[in-house]
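Chemist: Take this structure, written in structure tokens, and hold onto it; I'll ask about it next.
The values are calculated or read from the model by the stated rules, or taken from the named source; none is laboratory data. Just so it is clear, the model here is predicted, and its values are computed rather than measured. Here Cβ is always computed from backbone atoms with ideal geometry, including for glycine, and neighbour counts include all displayed protein chains.
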Amino acid sequence: MKEILMYSSQFCPYCVNAEKLLLNKGIKKIKKIMVDENPSYMDEMIKITGEKTVPQIFIGDKHIGGFEQLRSINNDGSLDKLILED
């Protein structure tokens, strides 16, 4: 399985939902970068993604986007392939 990285914040319901969806897919570990712990993490996230909201999710080196995008690729069946492809 590919590494999952998620820019997140402590009180973000979309972050919680994204994590639950990924855990239900069998992901055992999600590397979380908590943007509310250090302002430089938010700056880094914006620079990399161009987005100002959390979560911002990466599967391997592919930027998925936020929870809505994650849910969309789950619903269309492409999330499973993305997680498992080498």
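Chemist: Taking the condition of being touching a Phe, Trp or Tyr at 6+ places or on another chain (Cβ under 9 Å), surrounded by 14 or more Cβ atoms within 10 Å (Cβ to Cβ), among the hydrophobic types (A, V, I, L, M, F, W, C) and assigned to a helix (DSSP H, G or I), how many residues in segment 30-48 meet it?
Modeler: 2
Chemist: For Ile83, state whether it is among the β-branched types (Val, Ile, Thr) and in contact (Cβ under 8 Å) with a residue 60 or more places away in the chain.
Modeler: Yes.
Chemist: Residues in segment 5-29 that are buried (at least 17 other Cβ atoms within 10 Å of the Cβ), touching a helix residue (DSSP H, G or I) at 6+ places or on another chain (Cβ under 6 Å) and not aromatic (Phe, Trp, Tyr): how many?
Modeler: Total satisfying the criteria: 2.
Chemist: Those residues that are under 13 Å from the mean Cα position of the chain (by Cα), free of Cβ contacts under 8 Å to residues at least 24 places away in the same chain and closer than 13 Å to Leu79 by Cα, I need them from segment 19-66; list them, please.
Modeler: The answer is Leu23, Lys62, His63, Ile64, Gly65.
Chemist: When residues of segment 9-35 are filtered for being farther than 18 Å from Ile83 by Cβ and modelled with pLDDT of 95 or more, how many remain?
Modeler: 9
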